[in-house]
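To start, the structure under review is shown below, and the notes come after it.
The values are calculated or read from the model by the stated rules, or taken from the named source; none is laboratory data. As the structure is a prediction and not an experimental result, all values here were calculated from the model. Here the Cβ positions follow ideal geometry from the backbone for every residue, glycine too, while neighbour counts run over all protein chains shown. Accessible surface areas use protein heavy atoms only, side chains included; no ligands, DNA or RNA. Shrake-Rupley method; radii C 1.70, N 1.55, O 1.52, S 1.80 Å.
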Amino acid sequence: MINFFRLVLAFLAIAMAGLVSAVVTMRFAIHGAEVRVPDLQGLTVSEAVHKTANLGLNLGIDNKYYSVDVPAGRVLAQSPLPGAIVRREWRMRVTESLGPQRVAIPKVVGQQERVAAIEVRRVGLELEESAQMPYSGAPPGTVIAQNPQQGAAGVERPSVSLLVSTPAPNPAPALVMPQLTGMPLAAATALVVHAGLKVGPVQNTYSEAAPAADAAADGGMAPADTVDPAGTVLSQTPAPGHKVEPGMTVTFRVSQ
């Protein structure tokens, strides 16, 4: 029996030692796959590539900016920052300095987009995606604004963005205000809305009967009193025949 317990204890000791060894191995494996990010700022791009490759990191150039402080071809900024802990094979991104700005920004406003693009690239600048805007002051496809402006100094990036004109929508035709007095309010409102106009606050007014004419001497019947039924349009603004634009508001005075 004693020998059996000794065997069990020996087996447990061996199992525990194996578990501890596995944990230690895993920790070494995990930490062995981690890298502290080096400081690349100020290095040439080739130096930065060599330094990160030795640590098992990948390096890519994300942007290029002008700088009066960092010579051309050197690292201006990096991500992640120096000292950060990352996994091996991590992709680092750097910004390369182009040195001081030496390219004059050309004027391309007023040119067709295609011609402007050729001019921008001819002087060594990049063309960013153009934005478009309806504009009636120039033919479609004309550059109506640029950024940076002509001759701008101290710009950050070697690129130019353009704002290009597109055909302006045709203006809506003017409408002539119809005669709506005497109509029921519901019918007049439907016509106004259908024409693209708006109905404003309705003013309710009591409609009085017109005085009855005296009976004819020959015994004829007197005419009936003329009273506008409730909800009848008594007056309108704008008045009939006036020109109105879509979206304008029409107000009514209605019998009550």
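Worth pointing out:
- The requirement of being modelled with pLDDT of 90 or more and either open to solvent by 90 Å² or more (accessible area, probe 1.4 Å) or farther than 30 Å from N170 by Cα (or both) is not satisfied by S207.
- Count of region 85-131 residues which are within 29 Å of V45 (Cβ to Cβ) and in contact with a helix residue (DSSP H, G or I) (Cβ under 7 Å, 6 or more places away or on another chain): 5
- Restricted to region 109-152, and to residues there that are out of contact with any strand residue (DSSP E or B) (no Cβ under 9 Å at 6 or more places or on another chain) and of a type in the set (A, V, I, L, M), the residue that is nearest to L98 (Cα to Cα) is V123.
- If you filter region 14-28 down to residues that are open to solvent by 80 Å² or more (accessible area, probe 1.4 Å) and not aliphatic (A, V, I, L, M), you find that the one that is modelled with the highest pLDDT is R27.
- One residue stands out in region 110-142 among those that are open to solvent by 60 Å² or more (accessible area, probe 1.4 Å) and among the aliphatic types (A, V, I, L, M): the one that is modelled with the lowest pLDDT, namely M133.
- No other residue among H50, H31 is farther than 30 Å from E119 by Cα, at pLDDT 90 or above and more than 40 Å from the chain's Cα centre (by Cα) apart from H50.
- Hits in region 35-50 - residues which are open to solvent by less than 40 Å² (accessible area, probe 1.4 Å) and in contact (Cβ under 8 Å) with a residue 40 or more places away in the chain: V35, V37, P38, L40, V45, A48
- Residues in region 120-146 that are touching a Ser or Thr at 6+ places or on another chain (Cβ under 6 Å) and under 22 Å from A168 (Cβ atoms): Q132, P134, Y135, A138, P140, T142, I144.
- Just so you know, in region 69-89 the residues that are closer than 23 Å to E126 by Cα and over 33 Å from the mean Cα position of the chain (by Cα) include one that is most open to solvent (accessible area, probe 1.4 Å), and it is D69.
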